[in-house]
Amino acid sequence: MFDFSSIPPNMTYFLDGIIMTLIIAFFSVILGTVIGTLAAVAKRSKILPLRWLMNIYTEIFRNTPMLVQITLGFQFLSGQFFPSFQVGIFTENLNRIIPGILIIALNSGAYMCETVRAGINAVPKGQTEAAYSLGIRPSQTMYKVILPQAFRNILPALGNEFVTIVKDSSLLSTIGVYELYLASNTVGTNIYQPIPAMLTAAAFYFVVCFVLNRGVAVLEKRFGKGFAN
């Protein structure tokens, strides 16, 4: 039988691990959204080499495993010296976290690029024509008229992306980032009970992702009503 009696004394590992997981997911989503938005706008550019470059970027990151991307990214990007910082009982090394967040963000940006582009295409063309008739330049039309409406369209998808990255952040354990998955491995090794530790981590992932998914569902209903009106 599995012994869960050793889990409560080690709960600090799980709490600090989920905090680190959420920090990684937050910065990855923000950076990934920025990258995806710029890539989506670039794909609409009249500059052919720029469109080719964005197509190459999205195809590479959408068609290779994230674990491979993280491993390669760590090898190429970890040569610089960055200070460490403390998250509860964990000493986190920015030499590992920065490459990890950057690779997850690039992967997320490749998917967000298509999401943002779909959101832009969903904005009625009349909005662009109205902006032009008012003398607004094309670049200003994109950033002041089209993108704000596009982001309203993609906000639920952005929430789903956050949920996905919360789970995918566990892959950073392969480069030594102390997040929830690696924290549970540490506890499992310390108490010689890996299954209870992993089940506890799974419970944390489930609760966080369940709450986020319910929040996304609320957003979808709210914005769906807004469009209906």
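Mind checking whether some residue in region 39-54 is among the charged types (D, E, K, R), under 25 Å from residue 174 (Cα atoms) and more than 17 Å from the chain's Cα centre (by Cα)? Checking region 39-54: not a single residue is among the charged types (D, E, K, R), under 25 Å from residue 174 (Cα atoms) and more than 17 Å from the chain's Cα centre (by Cα). Being under 21 Å from the mean Cα position of the chain (by Cα), under 29 Å from residue 195 (Cα atoms) and either of a type outside the set (Asp, Glu) or surrounded by fewer than 16 Cβ atoms within 10 Å (Cβ to Cβ) (or both): is that true of residue 29 here? So residue 29 does not fit the description; no. Could you list, in sequence order, all residues of region 129-144 that are surrounded by 17 or more Cβ atoms within 10 Å (Cβ to Cβ) and closer than 18 Å to residue 43 by Cα? Matches in region 129-144: 141, 142.
Going through (1) over 30 Å from residue 86 (Cβ atoms); (2) surrounded by fewer than 21 Cβ atoms within 10 Å (Cβ to Cβ) one by one, residue 116 falls short only on (2). The residue pairs whose first member lies in region 199-212 and is in contact (Cβ under 8 Å) with a residue 40 or more places away in the chain, whose second member is hydroxyl-bearing (Ser, Thr, Tyr), and whose beta carbons are closer than 6 Å, counting only pairs six or more residues apart or on different chains, are 201/184. In region 179-225, which residue that is hydroxyl-bearing (Ser, Thr, Tyr) and within 18 Å of the chain's Cα centre (by Cα) is farthest from residue 88 (Cα to Cα)? Only one residue tops the list, namely 205. Here is the figure for region 143-189: residues that are in contact with a Lys or Arg (Cβ under 8 Å, 6 or more places away or on another chain) and in a helix (DSSP H, G or I) total 2. Screening 73, 36, 17 for residues that are crowded, with 17+ Cβ neighbours inside 10 Å and closer than 26 Å to residue 143 by Cβ leaves exactly one candidate, 36. Selection over region 147-178 of residues that are hydroxyl-bearing (Ser, Thr, Tyr) and surrounded by 23 or more Cβ atoms within 10 Å (Cβ to Cβ) gives a count of 2. Looking only at residues of region 179-222 that are among the small types (Gly, Ala, Ser) and either under 26 Å from residue 153 (Cα atoms) or touching a helix residue (DSSP H, G or I) at 6+ places or on another chain (Cβ under 6 Å) (or both), we find that the one that is surrounded by the fewest Cβ atoms within 10 Å (Cβ to Cβ) is 217. Checking each residue in region 112-161 for being under 26 Å from residue 25 (Cα atoms) and either polar (S, T, N, Q) or touching an Asp or Glu at 6+ places or on another chain (Cβ under 7 Å) (or both) picks out 112, 115, 149, 153, 156, 160. Counting the residues of region 39-59 that are crowded, with 17+ Cβ neighbours inside 10 Å and not in a helix (DSSP H, G or I) gives 0. No other residue among 89, 146, 154 is in contact (Cβ under 8 Å) with a residue 24 or more places away in the chain, among the aliphatic types (A, V, I, L, M) and more than 28 Å from residue 216 (Cβ to Cβ) apart from 89.
Just so you know, all these numbers are worked out from the coordinates, no wet-lab data involved. The structure presented is a predicted model; accordingly, all values stated were derived computationally and were not measured. Reconstructed Cβ throughout: ideal geometry from the backbone, glycine too, with neighbour counts over all protein chains shown.
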